[in-house]
Amino acid sequence: MSIEPSISALYVVATPIGNLHDISQRAIDTLNMVDIIAAEDTRHSRTLLEFHSIDTKLISLHEHNERGRSVSLVEQIKLGKNVALISDAGTPLISDPGFRLVGEAHSNGVRVCPIPGPCAAIAALSASGLASDRFCFEGFLASKSHARLMRLRELQNESRTMVFYEAPHRIVESLKSMQEVFGADRPAMLAREISKTFETIKRSGLQELADWVADDSNQQRGEIVVLVEGDRSSSVAEVTEEASKIMDVLLRELSKKQASSLCSQITGISKKLLYQYALNVGLDTI
Ligand code: SAM
């Protein structure tokens, strides 16, 4: 494995979301190679570093000191030092600090190098069996119930699979709000404590999921990702990727009606659905 220490850089390193073995060899090599590791919580990260016998200098970088720290870290990289950014778990910047530091690096022409690895949203999605060709990451919903409901209502017609992070003390209320907005039967999944002892993956309709979590206090503990299937009533969601490509080409030459009719003959998808797709994307030139 070769890292290029000759060109100093900011390495954005993904670390485990539970099981300490879930870290790549390249991540370990990078954390050993750099001069400084900027970590969200140095005490928390020390456990991981000790587990992998890494004794690189650790400094803290969290939401309260990120602005100042970013400037000084980028200065050090410009002077030839290598810096790694890690968070408490998973991929930095994904509902975690680092946005300012990475932005500062780019603004100063400093090389930014991602070292890919675990991310709870992606791990949950990969085990969900819900549509994964298109999805949106919503992160944490607001802690206040009114704001949370408002955001969920904005997502009512979202056709992509939605991925939420949720705190254990809010999970019951959030699932109830989701059930209220998306409907009792909307397929959903709860992924709890991924890669840890009490890992739980439960897929069902939203009402069943909300009741199951409300009835079992064990499901209201630990770290949780909730996935909700997108709105399947939206025509755009039903049109396959192949059909949408065909429609996009046909709509450049033909009317919506002609394009829908031709595409229907090619793909077998209903003319009405394809016509609705054409209306939604508004691509035709005729
Ligand atoms: N940067 C992390 C990532 O890449 O996933 C996310 C950090 S965010 C502060 C923490 C949230 O991620 C938790 O509240 C939970 O929603 C989710 N999460 C992290 N680890 C998890 C795990 N092992 N199982 C389920 N969800 C997890």
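Odds and ends about this structure:
- Complete set of residues in the stretch 187-220 that are in contact with a strand residue (DSSP E or B) (Cβ under 8 Å, 6 or more places away or on another chain), open to solvent by 30 Å² or more (accessible area, probe 1.4 Å) and basic (K, R): K202, R203
- Only residues that are within 14 Å of the ligand (Cβ to nearest atom) and either loosely packed, with under 14 Cβ neighbours inside 10 Å or not assigned by TED's automatic domain parsing to the domain that holds S177 (or both) were counted across the stretch 125-148, and they come to 4.
- In the stretch 153-179, residue most open to solvent (accessible area, probe 1.4 Å) [restricted to those that are among the β-branched types (V, I, T) and under 14 Å from R221 (Cα atoms)]: V172
- All strands (runs of 3 or more DSSP E) inside the stretch 185-265 with 2 or more residues being within 12 Å of the ligand (Cβ to nearest atom) and touching a residue at least 24 places away in the same chain (Cβ under 8 Å): 187-192, 224-228
The values are calculated or read from the model by the stated rules, or taken from the named source; none is laboratory data. Remember, predicted model here, so these are calculated numbers, not experimental data. Neighbour counts are summed over all protein chains in view; Cβ atoms, including those assigned to glycine, are modelled from backbone coordinates with ideal geometry. Surface areas here come from the heavy atoms of the whole protein model, side chains and all, with no ligands, DNA or RNA. Shrake-Rupley method; radii C 1.70, N 1.55, O 1.52, S 1.80 Å.
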